[in-house]
Amino acid sequence: MFLKRIELQGFKSFADKTVLQFDQGVTGIVGPNGCGKSNINDAIRWVLGEQSTKSLRSGSAMSDIIFSGSEVRKPVNLASVSLVFDNTNRVFTTDFDEVEITRVIRRNKDAQYLINRTPCRLKDVTDLVMDTGLGRDSLSIITQGNISSFADARPEERRSLFEEAAGVAKYKKRKKTSLAKLEQTQANLDRLQDILDELERQLGPLEKQAEKARRYITLRDELAAIEITVLADEIGTLKDQVDALERDIEQSRQEENRLGSEITLQESRIESLRQETAALDVRILEVQKQYAASLQERVGLEKRKAQLDEQRRRLMESGSDEDRRQQLQALVQDARMEYEDRLDRLNGLEKQRHQKEADLLAVQKEQERWMQKTAGIRNRLQDLQRRQDTIQAMIRQPYAHQQGVNAVMKARQSLQGIEGTAAGLLHPCQGMGAAVNAALGGAVFNIITDDEASARQAIRFLKQNRSGRATFLPMSVCRPRYPGKDQETIAASAPGAVGWASDLVTCDARYESVRDRLLGNIFVCDTLEHANETARRLKYKIKIVTRDGDIVHTGGSMTGGSQKQGSSLLTLQDESRNLEQKIQEAESQADSCAGNLEPLRRQEQTL
Ligand code: ATP
């Protein structure tokens, strides 16, 4: 190690900045007594961390080492000393080629340390110099007093001095520190052993407690499962009640609608009756007029008869027989003419009566015909309505015959990740219910779940409650199935081609992978003949279904027949839509019949 330079300012006798440059070889500092040679020694030890004012030969406070003034110079307030070492051989564990250690002190303030002008702690300085043998108490610095103490020392004291000089003392100190640490560690180990012993004593009761805790967890899980089952049951019951109430509300709504239209009908009847009454009043007025005219005519005729009787009596009493005969003949002539006139009028009225009677009969017949037609339509309407009610009931309980599916769907609120059934999530286009139902086959009742964990939870639920079985399709592992390019081309040009089943349903975007998995490679044709032909062209490698729900399976086997056996939500919804359309048609037919009947009734009354 090589000390290149010492820079002092304000330290003891060095009031001004003094730089002592050391070159290679030995440097001696020469001067008279008291000129400050030893102060340089003190400065070096001060920088290296000396804390004893006594060994620094100073006053009681550390700030006493600051230049305290002389006869010709005022005191200063700051003392600073820097030692600059050469570190090209990396004796210090730092990458700099030069290491500068500085200590600074101001009056009434603590000292400051700097390494290469960066503030640091005393410990940093001590750590830096410790491994170099430059420690505060090392023999790198030997003062005047040391020399005489070496000479006077006993052999064993000298040994320690030599050890210090040889650097053994450093290791001895470390050994001492390590032994102290070992002792501390042993004490810690003893303490740990005590704790272990104590814990072992507690192990027995703790194991019992753990067993109790395990049993508690098992029972708690069982309780939770039972509670879920009870809740699922309750939810099912409540849902049934809600369904029943909704049905009641729907029925009430229908009844309200029916009564509303009945009221409208009755009101229009009242209106037409009112009009009829007005017409009848007019008619009565006319008849009354006719009656009054007839009465007047009768009075006139009676008068005329009286006149004629009077004329006849006077003729009988006066004149010749010839005159009387002529007079009587003239009377008879008048009477005959009058009689013939009346007879003509009577015949005319008779004819009118016959005509009206014929008209009345015709109107009654027409009325009868329309009534029969209306009754027929009403009967048909009732049949359609009954079928619609049955279908609606089946739609409300779509999984009634699938015990497992039913149980899971009822408890879906208390289970996780249950999306619904394939039949509930895929919606066929108009008229494609039977085809899509056949295309899905058994998968129509597949329960779609978010992932496999959800499916496992639902299966556990079915097992625990002995509620049957169900098939689950987790979306996380659902891979779509598509036909090959050649198959697409052949199918598109086949006779009676309708399309790929996956294109004939709509669904939420998140279920598209499910749709394409279940329907992506199934083709739909219009008739079974065309399905056979298409299957042949596709070498029986693609499943083909018809609009009616007949199937040509891969390999060529065929399934078909009555649809009722295989009815599902899909076919039921299709049928319900058809029925709704037919019901509306029948209702409008019934309305138009009623519209035709009404004028006929009025005509009948008038006739
Ligand atoms: P010797 O050969 O007798 O040992 P020396 O050359 O080693 O003497 P030092 O003992 O280093 O001299 O210096 C002592 C001198 O330093 C004294 O004159 C003293 O007045 C001066 N001195 C010590 N402390 C201070 C201080 N705080 N302010 C001013 N001068 C100081």
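The values are calculated or read from the model by the stated rules, or taken from the named source; none is laboratory data. Everything numeric in this text was worked out from a predicted model, so none of it was measured. Ideal geometry is used to build each Cβ from the backbone, glycine not excepted, and the neighbour counts take in all protein chains shown.
Of the residues making up the range 236-248, none is surrounded by 12 or more Cβ atoms within 10 Å (Cβ to Cβ) and of a type in the set (S, T, Y). Sub-6 Å Cβ pairs linking a first residue in the range 19-44 that is in the same structural domain as S70 (by TED's automatic domain parsing) to a second residue that is within 6 Å of the ligand (Cβ to nearest atom) and outside any loop (DSSP other than H, G, I, E, B), at least 6 apart or interchain, are I29/K37; G31/K37, ordered by first then second residue. Within the range 46-90, the set of residues being away from the ligand (no atom under 12 Å from the Cβ), in a loop (DSSP other than H, G, I, E, B) and touching a residue at least 40 places away in the same chain (Cβ under 8 Å) comprises L48, G49, E50, N77.
Yes/no per residue for (1) in contact (Cβ under 8 Å) with a residue 40 or more places away in the chain; (2) closer than 24 Å to R601 by Cα; (3) part of a helix (DSSP H, G or I):
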{"position": "A375", "(1), (2), (3)": "no, yes, yes"}
{"position": "T390", "(1), (2), (3)": "no, no, yes"}
{"position": "A393", "(1), (2), (3)": "no, no, yes"}
{"position": "V408", "(1), (2), (3)": "yes, no, yes"}
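Apart from one condition, A422 fits all of (1) surrounded by 17 or more Cβ atoms within 10 Å (Cβ to Cβ); (2) within 30 Å of R537 (Cβ to Cβ); (3) over 25 Å from the mean Cα position of the chain (by Cα); the exception is (3). Condition check for L8 on (1) of a type in the set (A, V, I, L, M); (2) over 18 Å from I142 (Cβ atoms); (3) modelled with pLDDT under 90: one failure, at (3).
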